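The values are calculated or read from the model by the stated rules, or taken from the named source; none is laboratory data. As the structure is a prediction and not an experimental result, all values here were calculated from the model. Cβ placement follows ideal geometry from the backbone for every residue including glycine, while neighbour counts extend to all protein chains displayed. All accessible areas refer to the heavy atoms of the entire protein, side chains included, with ligands and DNA or RNA removed. Shrake-Rupley method; radii C 1.70, N 1.55, O 1.52, S 1.80 Å.
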Amino acid sequence: MKEQQAVESILQEESVEKVIFEDPQTANVLFGAHSENLRRIARTIGVKINAKANAITIQGDQLDVDLAKRVLNDLYALLRKGYPLYPTDIDYAIRMISDDRTVNLEDIFLDTVYISSRKRVITPKSLAQKRYIDAIRKYDLVIGIGPAGTGKTYLAMAMAVSFLMKQQVERIVLTRPAVEAGEKLGFLPGDIAEKVNPYLRPLYDALHDMMDFDRASKLVEKGVIEVAPLAFMRGRTLNDSFVILDEAQNTGADQMKMFLTRLGFGSKAVITGDITQVDLPENKVSGLIEIQGILKGIEGIDFVYFSDRDVVRHPLVQDIIKAYEKMEEKRHRQKEQQPP
């Protein structure tokens with residue numbers, strides 16, 4: 001008991017540390033306009049940070065001070081290597097180092113996937129995202145499973161465009177189930193393009209974020225980039241292609257098998273989806289859920305799982321996902337407690 005109290009006392013002991021950064025200009029960028037970045041770190045970790053010239057003092061619990069010091073030193077090193085630091089990167093850095101003190105931020109943030117038409121550098125922002133892009137480089141078939149906002153589709157798109165620009169593939173094929181509960185397009189108004197475009201819009205949006213609109217449109221016109229509903233994949237063999245199947249949780253077992261058997265020589269495929277957001281009828285099995293048991297252990301295939309810790313959207317999205325997970329756990333417990 002006394003030993004435990006002694007440990008708790010040490011953990012709660014307040015500490016003050018001073019950090020001096022050699023390059024005043026880089027330090028100024030690190031601190032942010034009006035020390036906004038320092039305030040962000042202090043607020044998130046729960047310490048006090050005061051800056052004077054190119055030096056700072058950090059005050060708080062020892063573990064928190066150590067974390068803040070580590071985050072600041074790692075971000076400073078990134079800036080020294082030319083990394084364009086965004087405010088959200090600070091949040092990602094704190095999250096990753098909090099989860100794993102052995103993580104090397106340079107290995108993650110300096111791993112450039114692609115530079116978009118807006119000159120924005122696209123890099124992984126979490127350990128799972130880093131594992132994901134490494135898996136895409138290494139394996140011919142990668143399945144990314146996790147909640148919305150974890151970058152599954154966006155990073156896959158960036159990798160696809162990168163492969164195309166480096167001439168590692170001849171075309172990109174982007175596909176997803178056209179409607180939530182199958183592919184019943186006949187009830188929608190308009191011709192086939194008007195019917196499917198609303199369901200494919202997220203893929204177009206991601207594509208146009210990678211390259212300027214005119215260039216993307218020309219590649220689509222030439223068939224170098226194809227965006228189509230999953231139903232259009234039937235009967236085809238996709239050689240020398242980078243194929244992305246999005247929203248895969250809404251594919252049936254037969255649809256998933258059909259997609260998997262389209263892969264030809266020199267091709268890569270990435271399947272993404274959220275198995276907690278299945279919109280199929282209750283009596284229909286999700287192909288994405290099923291392949292976890294069927295494909296596990298096959299050489300050349302890799303599964304990468306994301307969690308709420310990997311969400312790279314507004315911070316509220318992470319809290320919303322957690323809230324829904326708690327609700328689902330509660331429902332599951334209530335079902336188990338119900339008499340047969």
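Name the pairs whose Cβ atoms lie under 7 Å apart, with the first residue in region 318-332 and among the charged types (D, E, K, R), the second surrounded by 10 or more Cβ atoms within 10 Å (Cβ to Cβ) and assigned to a helix (DSSP H, G or I), and 6 or more positions between them or separate chains?
Lys322/Asp308
Going through region 122-179 one residue at a time, which ones are in contact with an Asp or Glu (Cβ under 6 Å, 6 or more places away or on another chain), among the small types (Gly, Ala, Ser) and outside any loop (DSSP other than H, G, I, E, B)?
Within region 122-179, Ala128, Ala135 qualify.
Tally the residues that are closer than 18 Å to Gly60 by Cβ and of a type in the set (Gly, Ala, Ser), restricting the search to region 20-43.
Counting residues in region 20-43 that are closer than 18 Å to Gly60 by Cβ and of a type in the set (Gly, Ala, Ser) gives 2.
Working carefully through the options Ala135, Ala128, find the one that is over 29 Å from Ala323 (Cα atoms), open to solvent by less than 20 Å² (accessible area, probe 1.4 Å) and of a type outside the set (Val, Ile, Thr).
Only one candidate passes the filter, namely Ala135.
How many of the residues making up region 223-239 are touching a helix residue (DSSP H, G or I) at 6+ places or on another chain (Cβ under 8 Å) and part of a loop (DSSP other than H, G, I, E, B)?
Residues that pass the stated criteria total 2.
Give me the pairs: first residue in region 73-98 and within 25 Å of Lys18 (Cβ to Cβ), second residue exposed (fewer than 14 other Cβ atoms within 10 Å of the Cβ) and not polar (S, T, N, Q), beta-carbon distance under 8 Å, and six or more apart or on different chains, which are they?
Asp74/Glu106; Ala77/Glu106; Leu78/Glu106; Arg80/Asp23; Lys81/Glu106; Pro87/Glu36; Asp91/Pro315
When you look at Leu280, is it surrounded by 16 or more Cβ atoms within 10 Å (Cβ to Cβ) and over 20 Å from the mean Cα position of the chain (by Cα), yes or no?
Yes, satisfied.
Which condition from (1) out of contact with any strand residue (DSSP E or B) (no Cβ under 9 Å at 6 or more places or on another chain); (2) under 23 Å from Ala27 (Cβ atoms) is the one that Thr102 breaks?
Of everything listed in (1) out of contact with any strand residue (DSSP E or B) (no Cβ under 9 Å at 6 or more places or on another chain); (2) under 23 Å from Ala27 (Cβ atoms), Thr102 misses just condition (2).
Restricting the first residue to region 123-145 and requiring it to be farther than 15 Å from Met157 by Cα, which pairs with a second residue that is among the aromatic types (Phe, Trp, Tyr) and open to solvent by 50 Å² or more (accessible area, probe 1.4 Å) meet a Cβ separation below 6 Å and a spacing of at least six or different chains?
What qualifies is Ile145/Tyr305.
Do you know which of the residues in region 104-121 that are touching an Asp or Glu at 6+ places or on another chain (Cβ under 9 Å) and either open to solvent by less than 40 Å² (accessible area, probe 1.4 Å) or at pLDDT below 85 (or both) is farthest from Arg215 (Cα to Cα)?
Filtering region 104-121 for residues that are touching an Asp or Glu at 6+ places or on another chain (Cβ under 9 Å) and either open to solvent by less than 40 Å² (accessible area, probe 1.4 Å) or at pLDDT below 85 (or both), the one farthest from Arg215 (Cα to Cα) comes out as Leu105.
Quick test for you: out of Gln25, Gln62, pick the one residue that is in contact (Cβ under 8 Å) with a residue 40 or more places away in the chain and surrounded by fewer than 19 Cβ atoms within 10 Å (Cβ to Cβ).
Gln62
Which of (1) of a type outside the set (Asp, Glu); (2) part of a helix (DSSP H, G or I); (3) loosely packed, with under 14 Cβ neighbours inside 10 Å does Gln249 not meet, given it meets every other one?
(3)
Might you check whether a residue that is open to solvent by less than 10 Å² (accessible area, probe 1.4 Å), more than 19 Å from Leu238 (Cβ to Cβ) and modelled with pLDDT under 90 occurs anywhere in region 181-199?
yes
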